[in-house]
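A quick write-up on the structure given underneath.
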Amino acid sequence: MQKIAIVADTSTDIPQQLAEELDIFLASLHVIIQGKDYRDKVDISSTEFYRLLPQCNPLPKTSGAGVNDFLEAYRGALAKAESVLCLVLSAQISMSLNSAHIARDMMSDADITVIDTQTCVASEALIAIAAARAAKEGQSKKEVMALVEALIPQVDTLLTMDTLEYLRKGGRLSAPQALIGRILGFRPIIRIGDDKITPVGRARSRRASIARVLDIMESKVGDREICAAILHALVPEETEVLRQEVAERFNCREIHVLDDLGPTAGAHAGPGALGVGYYPVP
């Protein structure tokens, strides 16, 4: 039995095969569509979610992982390890952190530590993967926690979207802003980091928006060695092109291609979202 196992949530979109390989146990976020509650990655796949999304007005409601979701993940992790480190998406975005704490308190005899990663999607995935690798290497819980705390201020995610429609439906853009964006062909560029989601630019075309993402990334990491993860939503060809561009342009230790963006982010980004999470290797 290993010393520590990692619990995270499905905001990470970590592929199942990689999660099983690294003993990462995922608590499901939830999406409510026409009054029916679906557990992300359990009751509904990302592909099915995007099939239903255009028919939803207003947008589907999303909610964090619940207490029972974390209890299930904790039990799975404790069957593999002596203790658990639970890494949760930002409390500024989701109520999942509160559920993780309640579930931990319900298992008071177990050694479970909960950390707010202050981020989500690809950034959270990279933290969870790094922590799980360190745990597999036999590092102590204290060492793995120190690694996580060091990575939290370093990870960044940049993404662009193919449509402004879901930002408009979700109230993030006014109808006139969305109309102007469509007429002019603007693609927003969004940064996820420092416990917030912020616009950092826009471009007139899809190709220009991806180039801008890579330029911003290069301005932050230069020639330092990085770990990266590609996030995407139903654009397999563009995903592979972006993966190759990141591999050729940057000094990469590893690049992961995540599963299609799940409902929590996908409800606002929509199909066609594409981006990259990354951090300079400490």
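The values are calculated or read from the model by the stated rules, or taken from the named source; none is laboratory data. What you are looking at is a predicted structure, and each value in this text was computed from that prediction instead of being measured. Please note: Cβ atoms are built from the backbone with ideal geometry, for glycine as well, and neighbour counts cover all protein chains shown. In case anyone asks, the SASA skips ligands and DNA or RNA and just uses the protein heavy atoms, side chains included. Shrake-Rupley method; radii C 1.70, N 1.55, O 1.52, S 1.80 Å.
Listed here are the residues, each with its yes/no results for (1) closer than 24 Å to MET107 by Cα; (2) assigned to a loop (DSSP other than H, G, I, E, B).
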position	(1), (2)
VAL42	yes, yes
PHE49	no, no
ALA77	yes, no
CYS86	yes, no
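Within segment 22-36, count every residue that is within 19 Å of the chain's Cα centre (by Cα) and on the phi > 0 side of the Ramachandran plot.
Final tally of qualifying residues: 1.
Would you mention how many residues in segment 135-146 are under 15 Å from CYS86 (Cβ atoms) and within 22 Å of the chain's Cα centre (by Cα)? Outline the logic, then answer.
Within segment 135-146, the subset under 15 Å from CYS86 (Cβ atoms) is 135, 141, 144-145.
Adding the requirement that they be within 22 Å of the chain's Cα centre (by Cα) leaves 135, 144-145.
Result for segment 135-146: 3.
What do you reckon, is GLN17 at pLDDT below 95, more than 26 Å from ILE197 (Cα to Cα) and either in contact with a Gly (Cβ under 9 Å, 6 or more places away or on another chain) or of a type outside the set (Ser, Thr, Tyr) (or both)? Steps first, answer last, please.
On the way: at pLDDT below 95: no; more than 26 Å from ILE197 (Cα to Cα): yes; either in contact with a Gly (Cβ under 9 Å, 6 or more places away or on another chain) or of a type outside the set (Ser, Thr, Tyr) (or both): yes.
Against the criterion (at pLDDT below 95, more than 26 Å from ILE197 (Cα to Cα) and either in contact with a Gly (Cβ under 9 Å, 6 or more places away or on another chain) or of a type outside the set (Ser, Thr, Tyr) (or both)), GLN17 does not qualify.
Looking at GLN92, GLN17 in this structure, which one is out of contact with any Cys (no Cβ under 7 Å at 6 or more places or on another chain) and part of a helix (DSSP H, G or I)? Spell out the reasoning first.
Numbers: GLN92 fails: part of a helix (DSSP H, G or I).
The conditions single out GLN17.
Determine whether segment 140-150 contains at least one residue that is assigned to a helix (DSSP H, G or I), of a type in the set (Asp, Glu) and in contact with a helix residue (DSSP H, G or I) (Cβ under 8 Å, 6 or more places away or on another chain). Spell out how you get there, then give the answer.
To start, the set of residues in segment 140-150 that are assigned to a helix (DSSP H, G or I) comprises 141-150.
Filter again for of a type in the set (Asp, Glu), leaving 143, 149.
Next, only the ones that are in contact with a helix residue (DSSP H, G or I) (Cβ under 8 Å, 6 or more places away or on another chain) stay: 143.
Checking segment 140-150: at least one residue is assigned to a helix (DSSP H, G or I), of a type in the set (Asp, Glu) and in contact with a helix residue (DSSP H, G or I) (Cβ under 8 Å, 6 or more places away or on another chain).
Mind listing just one residue for me: the one in segment 100-131 that is polar (S, T, N, Q) and touching a residue at least 60 places away in the same chain (Cβ under 8 Å) and, of those, most open to solvent (accessible area, probe 1.4 Å)?
Within segment 100-131, the match that is most open to solvent (accessible area, probe 1.4 Å) is GLN118.
Yes or no: segment 132-139 includes at least one residue that is part of a loop (DSSP other than H, G, I, E, B), within 15 Å of LEU78 (Cα to Cα) and either open to solvent by 10 Å² or more (accessible area, probe 1.4 Å) or among the aromatic types (Phe, Trp, Tyr) (or both).
Initially, segment 132-139 is screened for residues part of a loop (DSSP other than H, G, I, E, B), giving 137-139.
From what is left, the residues that are within 15 Å of LEU78 (Cα to Cα) are none.
Checked against the condition, which is being part of a loop (DSSP other than H, G, I, E, B), within 15 Å of LEU78 (Cα to Cα) and either open to solvent by 10 Å² or more (accessible area, probe 1.4 Å) or among the aromatic types (Phe, Trp, Tyr) (or both), segment 132-139 yields no hits at all.
Give the residues of segment 243-262 that are in contact with a His (Cβ under 8 Å, 6 or more places away or on another chain) and either open to solvent by less than 20 Å² (accessible area, probe 1.4 Å) or closer than 18 Å to ILE216 by Cβ (or both), sorted by residue number. Before the answer, list the steps.
Start the filter on segment 243-262 by keeping residues that are in contact with a His (Cβ under 8 Å, 6 or more places away or on another chain), which leaves 257-258, 260-261.
Hits for segment 243-262 are LEU258, LEU261.
Go through ALA228, ALA203, ALA267 for me and flag whichever is out of contact with any Asp or Glu (no Cβ under 6 Å at 6 or more places or on another chain), more than 30 Å from SER63 (Cβ to Cβ) and of a type in the set (Gly, Ala, Ser). Let's see the steps before the verdict.
Working: ALA228 fails: more than 30 Å from SER63 (Cβ to Cβ); ALA267 fails: more than 30 Å from SER63 (Cβ to Cβ).
Exactly one of ALA228, ALA203, ALA267 is out of contact with any Asp or Glu (no Cβ under 6 Å at 6 or more places or on another chain), more than 30 Å from SER63 (Cβ to Cβ) and of a type in the set (Gly, Ala, Ser), namely ALA203.
Only one of (1) over 23 Å from ASP259 (Cβ atoms); (2) of a type outside the set (Val, Ile, Thr); (3) free of Cβ contacts under 8 Å to residues at least 24 places away in the same chain; (4) crowded, with 16+ Cβ neighbours inside 10 Å fails for ALA19. Which number is that?
(1)
Output the number of the condition that ASP40 fails; it satisfies all remaining conditions of (1) touching a Leu at 6+ places or on another chain (Cβ under 7 Å); (2) free of Cβ contacts under 8 Å to residues at least 24 places away in the same chain.
Just one mismatch for ASP40, condition (2).
Residues of segment 225-255 being within 16 Å of SER46 (Cβ to Cβ) and in a strand (DSSP E or B), which ones?
Matches in segment 225-255: ALA229, ILE230, LEU231, HIS232.
Of everything in segment 145-160 that's buried (at least 24 other Cβ atoms within 10 Å of the Cβ) and not polar (S, T, N, Q), which residue is farthest from CYS227 (Cα to Cα)? So that I can check it myself, show each step before the final result.
First, pick out the residues of segment 145-160 that are buried (at least 24 other Cβ atoms within 10 Å of the Cβ): 155, 157-159.
Next cut, not polar (S, T, N, Q) only: 155, 158-159.
On the way: VAL155: 9, LEU158: 14, LEU159: 16 Å.
Residue satisfying both the conditions and the ranking: LEU159.
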